[in-house]
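Note sheet for the following structure.
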Amino acid sequence: MPTDIYVALARDMFIATLKLGGPLLAVALVVGTVVGILQAVTQVQEMTLTFVPKIVAMGLTVLVCGSWMLRSLAGFTEELLRRIPEYVR
């Protein structure tokens, strides 16, 4: 049944999106919360103070998790290409 294939494809794409974006979003959330607490405690309301630590943390996260993210995306793409005959039917 074609709808089962579409549902499975949508589920797999959603899981791949969560796997790839999850670490980056989690790091941004934690760094933003810590910086926000520090700003509230020190009463320093500088916009660059929130931006720079997030950029640095995101860069470090990509350096640490980048190879895993790339392998995960390549695996998803290979599986997607392998299943093309099922999707065409």
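Quick note: the coordinates plus some simple rules give every number you see, no bench work behind them. Just so it is clear, the structure is predicted and the values come from calculations on it, not from any experiment. FYI the Cβ positions are ideal-geometry reconstructions off the backbone, even for glycines, and counts take in every protein chain you see.
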Radius of gyration and Dmax for the chain's Cα atoms, expressed in Å? 19.1, 62
Whole-Hz Karplus couplings 3J(HN,Hα) for the stretch 54-69, θ = phi - 60° and coefficients 6.51, -1.76, 1.60, Gly and Pro as x, run 5, 5, 5, 5, 5, x, 5, 5, 5, 5, 6, 9, x, 5, 5, 5
Added length on full extension, which subtracts the Cα-Cα distance from 0.36 nm per residue, residue 63 to residue 44: 3.8 nm
Between the alpha carbon centres of the stretch 1-35 and the stretch 41-71 the gap in Å comes to 19 Å
Per DSSP, the loop-located GluC sites (Glu not before Pro) within the chain having at most 15 other beta carbons within 10 Å are 46
Projected label distance in nm at residue 86 and residue 17, using a 7 Å step from Cα toward the beta-carbon: 2.0 nm
Formal net charge of residues neighbouring residue 4 (Cβ-Cβ distance under 14 Å; K, R +1; D, E -1): +1
